[in-house]
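K.L.:
Quick one: the structure is below, questions incoming.
What follows draws every value from the coordinates through simple rules; no lab data is involved. No experiment lies behind these values; they were computed from the predicted model shown. Using ideal geometry, Cβ is built from the backbone for each residue, glycine included, and neighbour counts are taken over all protein chains shown.
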Amino acid sequence: MRDQSLWTWHLAAGAVILVLLGLHMVIMHLAAIVPLASSVPNGGEPIDWANVVVRAKSVFFMVTYVLLLGAALFHGLYGLRNILFELNPGTGTKKALSGLILAVGVVLFVAGTLAAWVGFTVARGA
């Protein structure tokens, strides 16, 4: 039952990635084709510093960065775990791999969330 629940979360994370990466593609790479008011508020390219600062000040972008980070980490690390489990390791090795993957995921999520938060607070202070 636990594996079924994790697999469902894996699929849900894939759907979240699909939506958020689609949004990223529209904002960062298709701004000339699909004009959005929030994608290039200062004109020019989406990666121009003034536009980066505007996005960094936005709560919406900070939250989407953290959601994308969490979904991508879960999706990727759970997929890696499944690939490694297909090698049919012993029970102890499975527990060790699961613990290691969980620890790596938590550390990366905390670091990425901290980076998003610092970027947001620094941009707000500027």
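K.L.:
Would you work out the relative contact order for the chain, in percent, from Cα pairs under 8 angstrom that are 6 or more residues apart?
P.N.:
30 percent
K.L.:
With no solvent and one point on each alpha carbon, what is the Debye value of log10 I(q)/I(0) for region 77-126 at q = 0.13, 0.17, 0.19 Å⁻¹?
P.N.:
The Cα Debye sum returns log10 ratios of -0.46, -0.59, -0.66.
K.L.:
For HIS75, HIS24, which order do you get if you count the other beta carbons within 10 Å of each Cβ and list the fewest first?
P.N.:
Exposure proxy ranking, most exposed first: HIS24, HIS75.
K.L.:
Let me ask another. Cut-off is 10 Å between beta-carbons; in what order do THR8, THR113 appear when sorted fewest neighbours first?
P.N.:
Starting with the residue having the fewest Cβ neighbours, the order is THR8, THR113.
K.L.:
What is the Å³ per residue value for the convex hull set by the Cα atoms of region 2-125?
P.N.:
114 Å³
K.L.:
Per residue and in cubic angstrom, what volume does the convex hull of the Cα atoms of region 1-48 have?
P.N.:
Value for region 1-48: 73 Å³ per residue.
K.L.:
So, one more: Can you figure out the FRET efficiency of ASN88 with SER5, using R₀ = 22 Å and their beta-carbon distance, to the nearest 0.05?
P.N.:
Computed FRET efficiency for ASN88 and SER5 comes out at 0.50.
K.L.:
Separate question: Evaluate the charge dipole of region 2-125 about its Cα centre and quote only its size in Debye, nearest 20, assuming +1 on the Cβ of each Lys and Arg and -1 on the Cβ of each Asp and Glu.
P.N.:
Charge dipole of region 2-125: 340 debye, to the nearest 20.
K.L.:
Continuing with this model, one more query. Run lengths n ≥ 4 of DSSP H only: what is the helix-derived mean residue ellipticity at 222 nm for the chain, with -39500 (n - 2.57) per run over all residues, to the nearest 500?
P.N.:
Dividing the helical sum by the residues of the chain leaves -26000 deg cm²/dmol.
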